[in-house]
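All remarks here apply to the structure that follows.
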Amino acid sequence: MPLEDFVSHLEEFRRRLLVSLLAFGGATVLCLFFSGQLLDFFIKPLQEYGDLQLFFQKPYEAFLTHLKVAALGGIFLASPIIFSQVWLFVAPGLYDSEKKILTPLILVSVLLFSSGAFFAYQVVIPWGLRFLLSYQTESLRPLLGVGPYFSFLMGTIIAFGVLFEFPIVMVGLVQLQIAQTKDLARSRRLIIVLIFVAAAVLTPSPDPVSQVFLAVPLMILFEISLWVCQWVEKRKNS
């Protein structure tokens, strides 16, 4: 790649990154005004398992928690702009016919990210909390710190949101002719094993039920992605 093209790509990347950061920063500031409501929303999975409360031990920990919650809300609020900047950065390398699907790709990316986060909040986190809190006894009671709890929650939600983007990656590999649908289909067993490995690593609790709850939707997404990849290949060959 010529140096001028490389510098141009770096400049384009810097511009897209700056727009994404500005969108995230603005959305975070906006969410900061509603951090109390967001805090109550994210504590709900914990409150379903008894009269549990969160505590902070450092004077600034509660303030940092409000910032974390606002930042998490900012990610989702700014996600349409962030994904649009990602795809617009990729767009110059696409053919004119492929650029027509940019808007659907942005919408699907946002939908998959939100679906993964929603799945984590509604299924994985409650099951993880249920398993981990089941080890309390009469002499061993939970005293949960607000910092560790929200680090656990935010890490899980963001990880699942990103993980649910893998159908886009599969379609992209086929679209760029890096991989073929038949090769992906033949590798189904290996991919299923990798899905279960990822589920075992990413789920917050080691119980098999939570891991299955993650693995099954990912396998369904994989099969749907294969169908989409076949459709993409047929369109490219027609």
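Each reported figure results from applying straightforward, stated rules to the coordinates on display, with no laboratory input. If you're wondering where the values come from, they're calculated on a predicted model, not measured in any experiment. As a convention, Cβ positions derive from the backbone with ideal geometry for all residues, glycine included, and neighbour counts pool all protein chains shown.
Counting neighbouring beta carbons within 10 Å and listing from fewest to most, the residues VAL169, VAL124 come out as VAL169, VAL124. Springs between Cα atoms under 10 Å define the GNM used for the chain, and in it the highest mean-square fluctuation of LEU173, LEU226, LEU32 occurs at LEU173.
So how tilted is helix 35-47 from the main axis of the chain? Cα-based, degrees 0 to 90, rounded to 10. Between the helix axis and the principal axis of the chain, the angle is about 70 degrees. Each of ARG130, ARG188 was scored by other Cβ atoms within 10 Å of its Cβ. Listed from fewest to most, they are ARG188, ARG130.
Tell me the mean residue ellipticity at 222 nm calculated for the chain from its helices only (DSSP H runs of n ≥ 4, each -39500 (n - 2.57), averaged over every residue, nearest 500). One gets -25500 deg cm²/dmol as the mean residue ellipticity at 222 nm. Here the extension length gained between LEU133 and ILE178 equals 11.7 nm, from 0.36 nm per residue of separation less the Cα-Cα distance.
Of all the C-alpha pairs in the stretch 17-88, what % are more than 13 Å from each other?
Taking all Cα-Cα pairs of the stretch 17-88, the fraction more than 13 Å apart is 68 percent.
The relative contact order of the stretch 1-126, computed from alpha carbon pairs under 8 Å that lie at least 6 residues apart in sequence, is 34 percent. Take the Cβ atoms of TYR49 and LEU21, set R0 to 35 Å, and the FRET efficiency comes out at 0.40. Rounded to two decimals, the Cα-based Rg/Rh of the stretch 1-126, with Kirkwood Rh, is 1.11. Counting neighbouring Cβ atoms within 10 Å and putting the fewest first, the residues TRP87, TRP127, TRP231 line up as TRP231, TRP87, TRP127. Highest GNM mean-square fluctuation among VAL197, VAL108, VAL171, for the chain modelled with Cα contacts below 10 Å: VAL197.
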